[in-house]
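Dropping a structure here in structure tokens format, bear with me for questions.
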Amino acid sequence: MTTANQSAVERYRNNFLKEVEANVEEGHMVKMCMQCGVCAGSCPLGNAWEHSPQKIFMMIRAGKRDEVLGSDSMFMCTSCYNCIVRCPRQLPITHIMHGLANYAHRLNLAPKGQPTRDFATLFWNNAIKKGRVNELTLTLGHYFTNGLVSGIKMALSMQSIGLGLFLAKRLNPMEIFGGHGVKDLKGFHAIVAKAKEIEDRKKGFSA
Amino acid sequence: MADNKFAAYICSGCGIGDAMKVPQLEAIAKKEGKMAIVKSHPFLCNAEGVQTIKDDIANEAVTHVCIAACSRRAKTEAFQFDGVAMSRANLREGVLWVVATGKEHDEVRQEMAADYVRMGCAEVKKMTQPAGNVKESSSKRILVVGGGMSGMTAAMEIAATGYEAVLVEKTGALGGMTAQLWKRQPFKEPYAAAQETGVAEMAAKIAANPKIKLHLNSTIAETSGAPGRFVIQVAQESGTVTEETVGAIVQATGFTTYDMAKLPELGGGQPNVVDQAGLEKLALQANGGAIKRADGKEVKSVVFVQCAGQRDKLKEDGGTHLSYCSGHCCGTSIKQATYFKDQNPDIDTVIVYDDLRVPGMGEDFYRSAQEKGVIFTKGKASKVTGGDSCKVSFKDLILDEENTIAADLVVLATGQVPNAGVDLEAWNPVVTAADGGDAAAKTARDEMKTISILNLNYRQGPDMPQFKHGFADSHFICFPYETRRTGIYAAGPVRRPMDILQATDDATGAALKAIQAVENASVGRAAHPRSGDLSFPTARLEGCTQCKRCTVECPFGAIDEDERRFPKFNEERCRRCGTCMGACPVRVISFENYSVDTVGSQVKAIEIPEEDEEKPRILVLACENDAYPALDMAGLARLNYSAFVRIIPVRCLGSVNTIWITDAMNSGYDGVMMMGCKKGDDYQCHFVKGSELAHYRMSKIGDTLTQLGLEPERVVTQEVAITDNQRVVTLINDYVAELEKLGPSPMKGFG
Ligand code: SF4
Ligand code: SF4
Ligand code: SF4
Ligand code: SF4
């Protein structure tokens with residue numbers, strides 16, 4: 001990963017906008033932002049993050065690579081699409097935010113311990129194992145991200161909900177032993193591997 | 001001249017007949033108004049009603065008509081009788097709709113209506129229908145000063161309409177600033193790429209147009225006369241002078257770029273820092289190839305600094321540079337940035353802007369530059385240093401931090417400074433001193449005169465009055481395209497800052513205005529806002545004391561002095577505001593249909609109730625441009641105001657002669673209220689200075705009132721806008737209440 005980062009830095013030298021245009025989903029639209037601030041004012045989570053989309057786009061144009069790729073902002077986006085609907089320049093802001101998150105994650109520059117990032121990783125790993133999400137292991141995995149003690153506390157506090165789900169037949173305790181997968185698990189893994197290969201190639205991670 | 005015959009027609013329609021006793025009004029018109037014919041009609045403005053009047057004019061030789069019906073602003077088409085003087089008594093908007101309904105108000109309503117009929121009859125008796133001063137020879141050619149984009153467009157538009165244009169250009173070629181450009185901003189869809197300027201084609205068309213006479217290398221040595229008969233001395237560089245007679249003038253003298261040397265903090269004067277005009281020069285040299293700096297190095301990175309020396313604080317608030325936005329420079333920088341990107345997309349092109357202002361379709365052009373990769377950074381530049389590697393320090397307004405970028409070249413977007421000639425406000429005191437024999441002032445005057453453009457020989461100074469920031473504008477809302485010199489129109493950046501596209505529109509507007517002016521002048525018709533008015537002021541010179549107030553106060557510079565130092569009215573320059581009439585202390589100035597007498601006789605016509613009747617009378621003199629319409633609209637909205645007021649519309653508060661006030665007070669009115677337009681720097685006065693002058697004159701009337709033993713509060717002046725229909729009602733009602741507290745005028749019964 002570090003090598004990917006280094007090669008990206010070298011390739012685009014100080015032109016971070018070009019780097020974003022080449023590697024980030026919808027990145028070519030960043031230059032079209034007119035800095036009106038409508039997205040910043042529309043985002044329901046706006047004040048919970050470090051940088052609004054408007055600022056992120058300005059930072060990209062100002063060449064602030066480390067700050068952008070290390071920002072927690074893109075991970076905080078809830079995909080509500082408020083900004084997309086309102087942007088007078090029709091920037092696909094939500095998609096760009098996710099594209100940036102993905103790029104930062106892959107370069108391993110994204111903030112460590114960022115809860116959304118951690119949960120997304122957990123989710124992904126869980127999902128590709130059997131081709132479907134195992135709710136029980138996913139939930140438990142999530143509870144225990146912050147260590148054993150907090151995990152137990154968390155699990156205990158959620159006990160009654162779990163019981164309710166069990167009684168409503170929404171939760172099968174047996175799933176803890178691996179659970180069931182998709183029919184053609186091998187084929188599924190092949191699809192995921194192929195997809196990754198294509199994406200790597202596109203985004204220059206083919207190393 | 002045939003004998004005058006007066007007739008009054010009273011309408012009982014629209015509910016007038018139900019609320020008022022029309023037969024009594026008829027009797028008043030007959031007995032007191034001394035009208036030879038008096039008729040009433042249930043629907044006067046319909047075809048049959050109008051025919052009655054026409055028949056009387058044709059068969060009974062009626063020469064003067066008083067129509068007591070709706071406001072003079074209503075039914076103007078129906079009540080239009082050629083060659084006949086007409087007054088209008090406003091019974092509908094002025095009485096029926098504003099006096100509270102109900103029996104208990106019948107008496108005051110009837111009294112009000114009766115007074116308006118008396119006033120209408122009194123007025124018409126003092127009126128003469130102006131015949132219009134048709135000129136035998138009146139020039140319809142139009143002079144265009146300045147051969148840039150605005151001037152060329154104006155000349156071509158004038159010629160295309162069939163009129164003759166005389167185009168005077170100071171330099172040896174047409175095109176002005178536009179000719180100094182590599183390309184211009186796009187005029188057409190999709191607004192995505194800079195275009196050829198088109199100057200060469202236009203110049204060729206002008207040269208080939210038989211309706212355009214071109215004087216290159218020429219300036220105006222003198223302008224004399226008035227619309228329809230301006231005489232222009234066109235001075236050639238070589239020294240020859242040609243005389244041209246024209247009917248109107250379009251001044252399209254453009255702008256000069258703000259001097260970069262005044263911007264040392266932004267690198268003005270340092271190597272590789274240019275203004276936008278400087279960049280055009282480099283682009284012309286490059287001729288589509290790579291743009292090179294003065295030192296020959298190819299530009300690989302460029303930063304544009306917007307609003308350089310512009311949008312500063314006002315001088316009085318401590319600003320040093322231009323306080324306005326020149327409007328074109330954001331678009332110009334966008335265009336210039338694409339010069340680089342179109343030639344080589346790898347050139348780093350950054351525009352540092354505070355607000356990007358791209359009027360019209362500029363937004364599309366902006367987008368197209370973004371698509372080409374021009375970087376727009378919202379920030380405020382604080383320091384620029386020139387040199388081999390220039391540095392631009394700025395505050396990033398989005399990221400809220402200081403930043404510096406390096407570039408091979410820096411372009412400063414400086415502003416437009418109008419070429420408007422001599423500033424009359426500075427000029428007039430100097431001339432007064434020079435005339436008084438002051439030698440230094442004489443030198444200063446001659447020095448100032450060198451920048452004059454029109455060299456008008458008007459008493460009021462050699463150029464057009466300037467409005468804000470030195471632009472030769474007047475008031476866009478009150479006079480769209482008009483100026484304060486009748487028949488002379490400013491077009492393009494000399495009027496207000498603008499880009500090429502706007503300048504061409506502006507020039508077209510000014511060309512049409514000039515055509516209107518030559519046509520008006522040929523038949524003695526007034527221009528805006530009294531368009532079509534055929535009356536004009538005349539002075540009984542036997543009574544004139546040569547006080548010069550009229551000459552000085554005329555907002556339009558219409559009055560010169562003749563050899564005997566009497567005022568000389570140039571009817572074609574006159575806007576018919578009546579300010580001269582209001583100014584004249586010996587009351588010798590009048591119009592055929594508007595005079596000290598037409599209003600004075602109305603003031604005196606009303607019946608003043610005895611003191612113990614407790615019915616005060618308040619005279620309201622309302623400007624016909626805004627205040628009177630606002631009062632009409634109050635009626636339209638059925639808002640009630642006191643039935644104790646008697647309202648007389650005036651052309652402008654400037655036309656109010658103080659004699660009307662003293663007459664009113666002497667006849668026992670309890671108060672006088674004047675309603676005019678907003679005065680001062682943000683004036684809305686349709687005649688620029690009228691309202692201001694009225695306020696000034698009224699501030700001096702206090703002494704007279706005190707001498708008469710009257711409280712100064714009995715005369716008030718109000719500023720009113722056309723939208724103030726609610727406010728006029730409050731103003732009137734509050735004032736009536738205040739006067740009631742003050743008690744009746746002590747002058748009652750002496751009148
Ligand atoms: S709403 Fe669109 S144009 Fe405006 S700041 Fe956000 S991204 Fe930029
Ligand atoms: S889609 Fe994301 S960035 Fe856009 S408003 Fe919603 S949460 Fe904010
Ligand atoms: S047009 Fe743009 S650069 Fe020019 S003064 Fe206005 S805001 Fe500034
Ligand atoms: S009417 Fe007005 S414009 Fe005409 S001469 Fe008098 S003051 Fe001047």
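The values are calculated or read from the model by the stated rules, or taken from the named source; none is laboratory data. Note that this is a predicted model, so its numbers are computed, not measured. Please note: Cβ atoms are built from the backbone with ideal geometry, for glycine as well, and neighbour counts cover all protein chains shown. Calculation scope for accessible area: heavy atoms of the full protein, side chains included, ligands and nucleic acids excluded. Shrake-Rupley method; radii C 1.70, N 1.55, O 1.52, S 1.80 Å.
Using a simple charge model, +1 on the beta-carbon of Lys and Arg, -1 on the beta-carbon of Asp and Glu, nothing else, what dipole does the stretch B:73-165 show about its Cα centre, in debye to the nearest 20? Before the final figure, lay out each step's value.
Working: 12 positive and 12 negative charges, 37 e Å.
It works out to roughly 180 debye.
Could you pull out the trypsin sites (Lys or Arg not before Pro) across the stretch B:74-136 that fall in loop regions by DSSP (anything but H, G, I, E, B) with no more than 16 other Cβ atoms inside 10 Å?
Qualifying residues, ordered by number: B:LYS135.
Loop sites only, by DSSP: take the GluC sites (Glu not before Pro) in chain B that have at most 13 other C-beta atoms within 10 Å and name the longest stretch containing none of them. Could you put the intermediate results ahead of the total?
Working: sites that count: B:GLU60, B:GLU77, B:GLU136, B:GLU196, B:GLU237, B:GLU563, B:GLU607, B:GLU610, B:GLU614.
Here the longest segment lacking exposed loop sites spans B:238-562.
Please compute the modelled spin-label separation between B:SER137 and B:ASN217, points set 7 Å along Cα→Cβ, answer in nm with one decimal.
Once both label points are built, they end up 3.1 nm from each other.
Where in chain B are the DSSP H helices whose C-alpha atoms run 27 Å or more along the long axis and whose mean Kyte hydropathy is at least -0.5?
Passing helices, by number: B:500-523.
Still on this model: Give the span of the stretch B:612-751's Cα atoms along each principal axis, as three whole-Å numbers ordered largest to smallest.
39, 34, 20
Using a Gaussian network model of chain A with C-alpha springs under 10 Å, which one of A:GLN35, A:GLN114, A:GLN159 is most mobile by mean-square fluctuation?
Maximum among the listed residues: A:GLN159.
Could you tell me which of A:PRO111, A:ALA4, A:HIS28 has its Cα farthest along the dipole of the stretch A:2-111 towards the positive end, charges placed at Cβ (Lys, Arg +1; Asp, Glu -1), taken about the Cα centre?
Positive-most Cα among the choices belongs to A:HIS28.
Going down the table (B:LYS140/B:LYS468; B:LYS31/B:LYS126; B:LYS39/B:LYS126; A:LYS153/A:LYS183; B:LYS211/B:LYS513), which pairs top 29 Å between alpha carbons?
Too far apart for the 29 Å limit: B:LYS140/B:LYS468; A:LYS153/A:LYS183.
Please compute the net charge surrounding B:LYS281, taking Lys and Arg as +1 and Asp and Glu as -1 over other residues with Cβ under 12 Å from its Cβ.
Taking every other residue near B:LYS281 into account, the sum is 0.
Output the pairs from B:LYS75/B:LYS568; A:LYS55/B:LYS300; A:LYS31/B:LYS391 with a Cα-Cα distance over 25 Å in this structure; if there are none, say none.
Over 25 Å apart, Cα to Cα: B:LYS75/B:LYS568; A:LYS55/B:LYS300.
Say the dipole of the stretch A:68-207 comes from +1 at the beta carbon of Lys and Arg and -1 at that of Asp and Glu; which of A:SER160, A:LEU91, A:LEU69 then lies farthest toward its positive end?
Final value for the positive-end residue is A:LEU91.
Now for a different question. Give the long-range amide H neighbours of B:ILE647: residues separated by 5 or more places, or on another chain, with amide H under 5 Å away, using H modelled in the peptide plane at 1.01 Å from N.
Residues meeting the amide H criterion: B:VAL620.
Please work out the Kirkwood hydrodynamic radius for the protein assembly as shown, using every pair of different C-alpha atoms, and report it in angstroms with one decimal place. List each step's numbers first, then the result.
Working: mean 1/r = 0.0291 Å⁻¹.
When all Cα pairs of the protein assembly as shown are included, the Kirkwood radius is 34.3 Å.
Restricting to bridges with both residues inside chain B, how much of the DSSP beta-bridge set is antiparallel, in percent to the nearest 5?
Details: 35 of 99 bridges.
Given both bridge residues lie in chain B, the antiparallel proportion sits at roughly 35 percent.
Cross-chain or 8 or more residues apart, Cα under 25 Å: how many lysine pairs in the stretch B:622-751 fit that? Count them up, please.
Total qualifying Lys-Lys pairs in the stretch B:622-751 comes to 7.
About the Cα centre of the protein assembly as shown, how large is the charge dipole given +1 on each Lys and Arg Cβ and -1 on each Asp and Glu Cβ? Please answer in debye to the nearest 20.
2880 debye
Have a look at the stretch B:369-388 and report residues whose accessible surface goes down by 30 Å² or more when the remaining protein chains are included, against the chain on its own, probe 1.4 Å, ligands and DNA/RNA excluded.
Buried-area filter returns B:GLN370, B:GLU371, B:ILE375, B:PHE376.
Through the Karplus equation 6.51 cos²θ - 1.76 cosθ + 1.60, θ set to phi - 60°, convert the phi angles of the stretch B:677-685 into ³J(HN,Hα) values in whole Hz; use x for Gly and Pro.
Values per residue, Gly and Pro as x: 7, 4, 10, x, 4, 9, 4, 10, 4 Hz.
Using the charge dipole of the stretch B:662-751 (Lys, Arg: +1 at Cβ; Asp, Glu: -1 at Cβ; taken about the Cα centre), state which of B:GLN726, B:ALA694, B:PRO746 has its Cα farthest towards the positive end.
Result: B:ALA694.
Between B:LYS188 and B:GLN285, how high is the FRET efficiency from 1/(1 + (r/R0)^6) when r is the Cβ-Cβ distance and R₀ = 22 Å? Nearest 0.05.
0.20
Between B:GLU107 and B:THR432, how high is the FRET efficiency from 1/(1 + (r/R0)^6) when r is the Cβ-Cβ distance and R₀ = 60 Å? Nearest 0.05.
Result of the calculation: an efficiency of 0.55.
So which trypsin sites (Lys or Arg not before Pro) in the stretch A:136-207 pass both tests, a DSSP loop state and at most 10 other Cβ atoms within 10 Å of the Cβ?
Qualifying residues, ordered by number: A:LYS169, A:ARG170, A:LYS183.
Compute, for the stretch B:536-649, the length of the dipole vector about the Cα centre, with Cβ point charges of +1 (Lys, Arg) and -1 (Asp, Glu) only. Units Debye, rounded to 20.
The calculated dipole for the stretch B:536-649 is roughly 360 debye.
Taking all protein chains as present, what is the carbon and sulfur share of the accessible area of chain B, in % to the nearest whole number, probe 1.4 Å?
Carbon and sulfur together cover 51 percent of it.
Another question, if that's okay. To the nearest whole number, what is the average tally of beta carbon atoms from other chains within 10 Å of the beta carbons of peptide A:49-59?
Per residue, the average neighbour count from other chains is 2.
Setting aside same-chain residues fewer than 8 positions from B:LYS383, which aspartates and glutamates have a Cα under 14 Å from its Cα?
Correct list for B:LYS383: B:GLU265, B:ASP396, B:GLU402.
Hey, another quick one. Quick one: check the C-alpha center-to-center distance for the stretch B:165-187 versus the stretch B:465-516, whole angstrom.
Taking the Cα centre of each part, the stretch B:165-187 and the stretch B:465-516 sit 18 Å apart.
Give me the number: length gained by fully extending A:LYS202 to A:ILE176, i.e. 0.36 nm times residue separation minus the C-alpha to C-alpha distance, one decimal in nm.
That pair, A:LYS202 and A:ILE176, stretches by 5.6 nm at full extension.
Right, something else. Round to the nearest 10 and give me the degree value, 0 to 90, for the angle of helix A:148-157's Cα axis relative to the longest principal axis of chain A.
70 degrees
Out of the DSSP beta bridges found with both residues in the protein assembly as shown, what percent are antiparallel (nearest 5)?
Numbers: 35 of 99 bridges.
If I count the DSSP bridges inside the protein assembly as shown, around 35 percent turn out antiparallel.
Rounded to the nearest Å, what's the spacing between the alpha carbon centres of the stretch B:653-701 and the stretch B:103-125? Just the number, please.
For the stretch B:653-701 versus the stretch B:103-125, the Cα centre distance is 24 Å.
Another question, then. Where in the stretch B:1-68 are there chymotrypsin sites (Phe, Trp or Tyr not before Pro) that are in a DSSP coil and have at most 10 other Cβ atoms within 10 angstrom of their Cβ? Kindly include the intermediate steps, with their values, before the conclusion.
Values: sites: B:PHE6, B:TYR9, B:PHE43; in loops: B:PHE43.
Sparse-neighbourhood loop chymotrypsin sites (Phe, Trp or Tyr not before Pro): none present.
Average projected area of the Cα convex hull of the stretch B:258-416, in nm²?
Average of the hull's projected areas for the stretch B:258-416 equals 9.0 nm².
Counting only heavy atoms of the protein chains, get the accessible area per residue of the stretch B:1-150 (1.4 Å probe) and round it to a whole Å² value.
On the way: 6600 Å² over 150 residues.
Roughly 44 Å² per residue, with all protein chains present.
Right, next: Would you jot down the residues in the stretch A:62-90 that end up with at least 10 Å² less accessible area in the complete protein assembly than in the chain alone, with a 1.4 Å probe?
Buried by the other chains: A:ALA62, A:LYS64, A:ARG89.
As a test of the definition: with a 1.4 Å probe, what buried accessible area, both sides summed, do you compute for B against A, in Å² to the nearest 100?
Adding both sides of the contact gives about 1400 Å².
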